[in-house]
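Report on one structure; see the data block that follows.
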Amino acid sequence: MSVKTLQRWDVSGKLPAKRTLSGHRFYTEDDFLIANGLKPVEAKRKIVVYCRVSSSGQKPELKNQLLAMEAFCLGRGLSVDDWVSEIGGGLNFKRKKFLAIMLSMLKGEISIIVIAHKDRMCRFAFEFIQELAVSVGC
């Protein structure tokens, strides 16, 4: 495929591009097969990367977390659908983006949540969240 064809297919929605954190387009073999009608479209569950720091003074660390997660996901061949970053304490279970991810996970919309370390998700009760995730196939 030429670059122009891929760009045109991306704009028309025939072959939507996935993007890295830095904005580069990429496609999987499954994307190509679906676009050419060689594979049925399944209800796709998302892969989400979640990064968090406790205070706005740690914004440089948040950027480092995102870059590390991008390298990790590229190395594992994971095509990330959503990149979520948040500033808030790990003891606060009312963080908006955290709650949105949890609700989406419980609805079965997420297949994988990637985090740098378990305390980035929450300070306590990580094992509980992990059990919930496993119970819904995440």
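Residues in region 2-22 that are exposed (fewer than 14 other Cβ atoms within 10 Å of the Cβ) and not in a helix (DSSP H, G or I): Ser2, Gly13, Lys14, Ser22.
Take Gly108 and decide whether it is farther than 22 Å from Leu21 by Cα and either in a loop (DSSP other than H, G, I, E, B) or modelled with pLDDT under 95 (or both). Yes: the conditions hold for Gly108.
Determine whether region 55-65 contains at least one residue that is more than 13 Å from the chain's Cα centre (by Cα) and modelled with pLDDT under 90. No, there is no match, as no residue in region 55-65 is more than 13 Å from the chain's Cα centre (by Cα) and modelled with pLDDT under 90.
The values are calculated or read from the model by the stated rules, or taken from the named source; none is laboratory data. Keep in mind that this is a model prediction, so the values were computed, not measured. Cβ atoms come from the backbone with ideal geometry, glycine included; neighbour counts cover every protein chain shown.
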